[in-house]
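Just below is one structure, and these are the notes that go with it.
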Amino acid sequence: MPTNALFADLSEPSALLTLAFALALVISLAVKAWLNARQIRYVARHRAQVPAAFAQTISLAAHQKAADYTLAKMRLGTIELALGTAVLLGWTLLGGLSLLNQLLMSWIGPGMTQQLALLVAFVVINGVIDLPLSLYQTFVLEERFGFNKMTPRLWLIDLCKSTLMGAAIGLPVAALVLWMMAATGSLWWLWAWLFWMGFNLLLLVIYPTLIAPMFNKFTPLADEALKARVTALMQRCGFSAKGLFVMDGSKRSAHANAYFTGFGAAKRVVFYDTLLAKLSPPEVDAVLAHELGHFKHKHVIKRIVAMFAMSLAGLALLGWMAQQSWFYTGLGVLPNAAGLNDALALLLFMLALPVFTFFISPLLAQLSRKHEFEADAYAVSQTSGQDLSTALLKLYEDNASTLTPDPVYVSFYYSHPGASERLARMTAVR
């Protein structure tokens, strides 16, 4: 159906949705472009000199590498922003999703197979569109700054594994949700939410032992001295884990990290091998204490509860909107006259929702930074604040994280505080 014919027949609610979506998209695009430009200008302006607070610990060469890396990522991000907006418009108001749905309907006919085919086709097409920039980021940008350790062969193996796993897990989940939408009446969203909640909790349990080992090798921590330190710290903090493991992160990237994974009795502590190579044992202790701080303050539970609450609200909203014809036509899609529109509703909702929720992202980022400050304070109370400071500076330097981000950009996007503010807070706590 031609786009102009579609919009000529818009009812009033449909026209209002079109207008609201278009305005939100334009405003969010303008804000994102403005924030990107601010970050680029701010980092470039401070490239020539290491901030005074770090002059004794960070070299000018490392500072300039971090600035150049940040600028390269930001410029690539600006291209991704433009491409993502164009693709979103193509799928919605320009009728791409409607066209794809009609083609599959004519080939397959109405039913579950057609709906699953629509979901698969959408994911595949998006993946193909994203592929060039993804390859550029890995094999050009990350390679240029010395972070990429991925070979084309390993990249292809990862792609095949993730595709097969996505199909093995995603298709049954999608089929079950679509069945619920069709078979359980107007409260389908509640049943879908209960299933989704249980599925995510199950993933938290099985991810460490069944999924993660398909992509990385996990070996028990062999350094007995470090193992004794870490175990003593966890006992002191009242934390238990099923094991301490080292992950071969160096086979893909030079970036370093440590994390907890799993849920309940299945919790594991995982160190990247790159992290253990760069930090001293007391610094590893301090980084681990920070992660323990998240558990001490119940940040993980709070985030899970918040995620479930937001997903319940989102599914309830979708349950109502999926029954409104203007929801489809207002976003550029002609709903199926003879057949189910559940897959269409899921995809449209997934496409449109981020446009509107972008405006609450500063609140979520602020909450995340608050949690990081609390975890830092806990780490300082359990280990040496100096060790945590030096560990963070090493990680900032080794990961080429800029020490001079734009404050406004930070307020919108950063889930972790900037280096200056973070270290100043830790100094005040000590």
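The values are calculated or read from the model by the stated rules, or taken from the named source; none is laboratory data. Computed from a prediction, not measured in an experiment: that's the story for all the values here. Here the Cβ positions follow ideal geometry from the backbone for every residue, glycine too, while neighbour counts run over all protein chains shown.
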Worksheet, complete the sentence: Checked segment 46-84 for anything assigned to a helix (DSSP H, G or I) and of a type in the set (G, A, S); matches are A52, A53, A61, A62, A66, A67, A72, G77, A82, G84
Discussion item. I need every pair where a residue in segment 258-274 that is on the phi > 0 side of the Ramachandran plot has its Cβ under 6 Å from the Cβ of a residue that is modelled with pLDDT under 65, sequence separation at least 6 or different chains.
Written reply: none
Worksheet item: Which condition does V124 not pass, out of (1) in contact with a helix residue (DSSP H, G or I) (Cβ under 8 Å, 6 or more places away or on another chain); (2) at pLDDT 95 or above, if it passes all the others?
Response: (1)
Worksheet entry | Total residues in segment 269-289, condition within 21 Å of the chain's Cα centre (by Cα) and either modelled with pLDDT of 90 or more or not aliphatic (A, V, I, L, M) (or both) | 2
Discussion item. When you check T357 against the structure, is it among the hydroxyl-bearing types (S, T, Y) and under 24 Å from the mean Cα position of the chain (by Cα), yes or no?
Written reply: yes
Fill in: Residue in segment 210-232 that is of a type outside the set (D, E), under 30 Å from M180 (Cα atoms) and out of contact with any Leu (no Cβ under 9 Å at 6 or more places or on another chain) present
yes
Worksheet item: Considering segment 276-296 alone, what residues qualify as being part of a loop (DSSP other than H, G, I, E, B) and surrounded by 16 or more Cβ atoms within 10 Å (Cβ to Cβ)?
Response: L279
Item to complete: Output the number of residues of segment 17-32 satisfying the condition of being surrounded by fewer than 17 Cβ atoms within 10 Å (Cβ to Cβ) and within 18 Å of Y414 (Cβ to Cβ).
Response: 1
Discussion item. Restricting to segment 181-223, name every residue that is of a type in the set (F, W, Y) and either touching a residue at least 60 places away in the same chain (Cβ under 8 Å) or assigned to a loop (DSSP other than H, G, I, E, B) (or both).
Written reply: W188, W189, W193, W196, F215
Worksheet item: Is there a residue being within 30 Å of E421 (Cα to Cα), in contact with a Pro (Cβ under 9 Å, 6 or more places away or on another chain) and crowded, with 17+ Cβ neighbours inside 10 Å anywhere in segment 65-87?
Response: yes
Fill in: helices (runs of 4 or more DSSP H) lying entirely in segment 318-408 (those with 3 or more residues that are buried (at least 18 other Cβ atoms within 10 Å of the Cβ), at negative phi and aliphatic (A, V, I, L, M))
342-357, 361-382, 385-398
